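These notes concern the structure reproduced below.
Coordinate-derived values only; no laboratory data. No experiment lies behind these values; they were computed from the predicted model shown. Reconstructed Cβ throughout: ideal geometry from the backbone, glycine too, with neighbour counts over all protein chains shown.
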Amino acid sequence: MIDPRILRDEPDRVRASQTKRGASSEVVDRALDADAARRGAIAAYEEKRAAQKTFGKQVAQAQGEEKQALLAQVKALSAEVKDLEVAQTHAEGAWTDALKAIPNVVADATPTGGEDDFVVLEQVGTPRDFAAEGFEPRDHIELGRLLGAIDLERGAKVSGSRFYFLTGIGAQLELALVNLAMDQARNAGFTQVIAPSLVRREAMEGTGYLDQGGGEDIYRIEGEEMYLVGTSEVPMAAYHSKELLDGRSLPRRYASFSPCFRKEAGSHGKDTKGIIRVHWFDKVEMFVYTTLEDAAAEHERLLAWEKEFLDKLELAYQVVDIAAGDLGASAIRKFDCEAWIPTQGKYRELTSTSNCTDFQTRRLDTRGRFGDKTGPIATLNGTLTAITRTIVAVLETHQQADGSVRVPKALQPYLGGLEVLTPVAEVTGA
């Protein structure tokens, strides 16, 4: 949740953020009203509680009929205090709910608008000109079949649409990408983590994911308050929940591997073929705890690490600054790296990195100790590799006319020195 002081002291800044997101500013007014009601409820309760204590002292000193009269007043006052205590509790709850309904206040540099209003910051590399090379590129579905790497038919048979098997060199390719990413992260000082994919409601709620579309994209375990995560950002944000971290230990950087699960509820008809948009995929996620003062600089560092990984895979890609209306509730700014997908003739998201400042740590009660003071700390996240989309980009970008795929040099040691992935099925139309 946002810092309450920003809401009280700079409500117009919060309203402007809502407008930038394309959202209503009513949540701001509702929260301000709830705060006023909460303060009023606290004052009323404390006033009556003080009166109750005063009467208690008078009763102790009184005698006879005077004492009986005072006892009657104390009894009535006690009932009022109890009612006011209940009212205060309700007012506190309403205030908390109203505050949680406000997304993080977006950064000034974040573009205004929705999904299509991102700003291209940089383009790296040049997409291959297959026409100049004299052949039509195959999509990842056909390449996966030729290489014996991707089995969509059996994935659908076993689990339904948007599921798959990675087989043979496809499975090896996933492990190679994971290990390349983990090695890069470790060499950059990240602590490697294998994170749980099931979390309690507090973790999912604390990261803000239940605020997005009512959590319609999230798998919930029926009969339990447990959820399958769509990113290991969720367990890593909750990793230090209810903890006071030594400020001298910051930044704390983690590289977390986990399976990720998404319903893709809002993607009907989009990317229904292949493994670009699926219900399950594996991912290596960078997650950082740092100071509020260093959060923006750390965001740039996370982006640099993502670009370094894509450079190792020898991909053409662009970096985009995501518009406010396309941000999640917890982020103030987000950068995406989008790789060129030859058969689609466009860039598609491969990685993203978000600065969430203290939005998640306030919800999850994670703070820092700085000398003799305690204060809020920031969280940031960044994808190092989302396996399925990375496989798509690698196969399509580095394919050759005979259906084979050249292995990027940095990835070769992780595939036993293989320089080329060769077809196991008959190639036609080369």
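Data table
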{"item": "Ranked list, fewest to most other Cβ atoms within 10 Å of each Cβ, for THR357, THR19", "result": "THR19, THR357"}
{"item": "Order of TYR239, TYR164 under a 10 Å beta carbon neighbour criterion, fewest first", "result": "TYR239, TYR164"}
{"item": "Charge tally in the Cβ shell below 11 Å around ALA107, where Lys, Arg are +1 and Asp, Glu are -1, ALA107 excluded", "result": "+1"}
{"item": "Most mobile of LEU244, LEU143, LEU99 in a GNM of the chain (Cα contacts under 10 Å)", "result": "LEU244"}
{"item": "Positive-end residue, the stretch 325-430 charge dipole about Cα centroid, Cβ charges, pick of ALA410, ILE377, THR397", "result": "ILE377"}
{"item": "Ranked SER352, SER330, SER159, criterion: other C-beta atoms within 10 Å, fewest first", "result": "SER159, SER352, SER330"}
{"item": "Fluctuation leader among THR379, THR390, THR272 - the chain, Gaussian network, Cα springs under 10 angstrom", "result": "THR272"}
{"item": "Separation between Cα centres of the stretch 394-408 and the stretch 332-368, rounded to whole Å", "result": "28"}
{"item": "Euclidean distance between Cα centres, the stretch 123-160 to the stretch 78-100, Å", "result": "59"}
{"item": "For GLY371, net neighbour charge (Lys/Arg +1, Asp/Glu -1) across residues whose Cβ lies under 14 Å away", "result": "+2"}
{"item": "Spin-label model distance (nm) - ALA101 vs PHE163, 7 Å beyond Cα toward Cβ", "result": "3.9"}
{"item": "Net length gained if the chain between GLU10 and ALA79 were fully extended (0.36 nm per residue, minus Cα distance)", "result": "21.0 nm"}
{"item": "Share antiparallel - DSSP beta bridges, the chain, percent rounded to 5", "result": "90"}
{"item": "Tensor-based shape of the chain (alpha-carbon gyration tensor, a/c under 1.5 rounded, otherwise prolate or oblate)", "result": "prolate"}
{"item": "Highest-MSF residue in the chain out of LEU250, LEU177, LEU302 [GNM, Cα springs under 10 Å]", "result": "LEU250"}
